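The structure under discussion appears below in the form of structure tokens.
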């Protein structure tokens, strides 16, 4: 078979009259499997990271970096109990690394701080994002994994390295806080 029709190169081929895309292996990684994971998970992971950071562009960069790292370690990541959670955790860890590196840099006068700018996400209410950012870090993480990634309590606990009861407690406190802020924001008379 010529190179163009070779299944090793991800070129569409005909099998039994059907056109299918052959798997392309790069370093033992199934490209099609990763592509499907990326397409199915990218939006949910972005929303989860956006709940923790104030800047949409930063969230997009962090998620892109996390997916790049996932691609490089796909055999390990694909066996993870919650690959989406791995992406979000990697993105948030990357943010911390970038922050540490950045705090050592000298700020230039007159140059706006990109991280301080807020860009709203069309899929998330800006008021909800503002209240989410006021929650303690661990509560934001629990909301990101339980709500945005739809992980169960046990998986969330395993990913965060805490007990399932702690996940439930953080979720309960976060929901109560969100409910209190959003109810009073929607109806100021209720909070008085």
- [ ] Starting from residues that are without any contact (Cβ under 8 Å) to a residue 12 or more places away in the chain and within 15 Å of the chain's Cα centre (by Cα), keep the ones in segment 64-79 and report whichever is surrounded by the most Cβ atoms within 10 Å (Cβ to Cβ).
- [x] 77
Open item on the list: Tell me yes or no: at least one residue of segment 81-96 is modelled with pLDDT of 90 or more, outside any helix (DSSP H, G or I) and buried (at least 17 other Cβ atoms within 10 Å of the Cβ).
Closed with: yes
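The values are calculated or read from the model by the stated rules, or taken from the named source; none is laboratory data. Source: prediction; values computed, not measured. Neighbour counts run over all protein chains shown; Cβ positions are idealised from the backbone, glycine included.
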